[in-house]
Amino acid sequence: MKHPATRNTIYAEEARVLEQHARPAAQFVMKFHAPQVAAHAQPGNFIHLQCDPGILMRRPMSIMRAERNSNSIEILYKVHGEGTRLLAQRKPGDIVPLLGPIGVPFKLAGYRKFPLLIGGGVGIPPMVFLAEHIHKSSPGIRPFAILGSEIPFPFQSRPSQIMLKDLPGDVIATMPLLDDWGIPCRLTSLQGYPGCYSGYVTDLARAWLDNLDPDQRNMVEIFACGPTAMLKATSRLAQEYPLPCQVSVEEYMACAIGGCAGCTIKVQPAGGPAMKRVCVDGPVFEAETVFPVAGPGSN
């Protein structure tokens with residue numbers, strides 16, 4: 001059924017757990033049977049789920065994949081408190097009440113030829129969803145994904161089958177799922193993981209951009225999700241080149257449907273400063289509105 005307070009865009013479902021897989025560093029991939037969300041989800045959307053019957057406060061989770069044919073969605077999350085600890089104990093067959101899909105998605109069409117997708121930590125799932133969407137909907141568009149983590153990646157990396165002449169030859173680690181789709185992907189970390197670039201995602205992005213010729217660089221646009229510091233650095237990178245950039249912002253939220261305004265942030269669009277709710281006005285924003293160019297005298 002549709003949630004009554006959301007203008008017929010968000011559905012309330014009694015989702016059934018299909019799979020729950022543990023990954024390193026207390027990370028989990030969870031798959032639900034959720035037909036309404038699966039049918040309407042778009043890259044950048046999230047769900048608001050009840051982790052356990054004994055905890056009323058729901059948790060927002062980015063959607064990593066939505067498969068209409070199987071009526072299923074997948075999320076990736078990290079245990080970070082009592083709610084997610086209990087969520088990690090849920091088994092196939094368990095019912096998890098959730099609301100979704102929620103939020104403004106990334107742009108869905110009209111891509112430049114070389115979308116650059118940057119995901120950090122729990123910001124990886126929206127980039128996977130976006131990469132799959134571009135791959136299926138936009139023939140001829142060639143996305144490149146850079147994923148970073150300072151804890152073990154939530155998948156078993158492998159050497160990429162897709163060679164990239166614009167990057168150091170020893171940077172070969174990739175996410176197998178993206179590689180199998182034919183989407184170039186490289187991994188970054190400061191932890192010395194084999195095959196990963198030693199540095200931040202924006203460092204590798206800069207190296208890639210610098211090795212493109214000017215015409216190619218003008219066909220790049222950036223999409224990013226991750227910690228605020230990473231998004232700020234990505235926005236600065238986009239402003240420097242300059243390139244269009246959309247970011248998915250992380251923020252604590254209570255209701256997730258725009259009623260409580262607990263997730264409000266200040267943005268600066270062309271019309272002047274405004275307060276926007278991350279849950280329904282976002283989570284995707286144009287980067288320059290969230291991280292505007294610093295004026296003269298700014299630090």
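The numbers here are math on the coordinates, done by the rules we state, and not lab data. Everything quoted here is computed from the prediction, not taken from an experiment. In this analysis, Cβ positions are derived from the backbone assuming ideal geometry, glycine residues included, and neighbour counts consider all displayed protein chains.
If I take every Cα pair under 8 Å that is 6 or more residues apart in the chain, average their sequence separation and divide by the length, what percent do I get for the relative contact order?
It comes to 16 percent, rounded to a whole number.
Need the full-extension length gain, Q239 to D203, defined as separation in residues times 0.36 nm minus the C-alpha distance. One decimal, nm.
Additional length available on full extension: 11.5 nm.
Return a whole-number percent for the relative contact order of segment 87-151, with Cα pairs under 8 Å and 6 or more residues apart as the contact set.
36
Return I10, I151 ranked ascending by Cβ neighbour count within 10 Å, so the fewest neighbours appear first.
Going from sparsest to densest Cβ surroundings: I151, I10.
Under a Cβ-Cβ cut-off of 10 Å, what is the net charge of the residues other than C255 that fall near it, where Lys and Arg count +1 and Asp and Glu count -1?
Net charge around C255: +2.
For the pair M275 and S70, how long in nm is the line joining their label points, each one 7 Å along Cα→Cβ?
Here the answer is 4.3 nm between the modelled labels.
Using Cβ contacts closer than 10 Å as the measure, can you line up S157, S248 from fewest to most?
S157, S248
Stretch R112-I55 to full length: gain in nm at 0.36 nm per residue minus the Cα-Cα span?
Result for the pair: 16.1 nm of gain on full extension.
To test your reading of the geometry: what angle, between 0 and 90 degrees and rounded to tens, separates the Cα axis of helix 124-137 from the longest principal axis of the chain?
80
Looking at segment 114-251, send over the antiparallel percent of its DSSP beta bridges, to the nearest 5.
10
Net charge within 14 Å of V284 by Cβ-Cβ distance, Lys/Arg positive one each and Asp/Glu negative one each, not counting V284 itself?
Its environment carries a net charge of -3.
Quick one: work out the % antiparallel among DSSP beta bridges in the chain, nearest 5.
65
With 10 angstrom as the radius, rank I118, I47, I134 by how many other C-beta atoms surround their C-beta, starting from the fewest.
By the 10 Å Cβ count, ascending: I134, I47, I118.
³J(HN,Hα) across segment 105-113 via Karplus (A = 6.51, B = -1.76, C = 1.60, θ = phi - 60°), whole Hz, x for Gly/Pro?
x, 5, 4, 10, 7, x, 6, 5, 5
I want to check the label-to-label distance for A229 and R142. Put each point 7 Å from Cα in the C-beta direction and report it in nm to one decimal.
Here the answer is 3.4 nm between the modelled labels.
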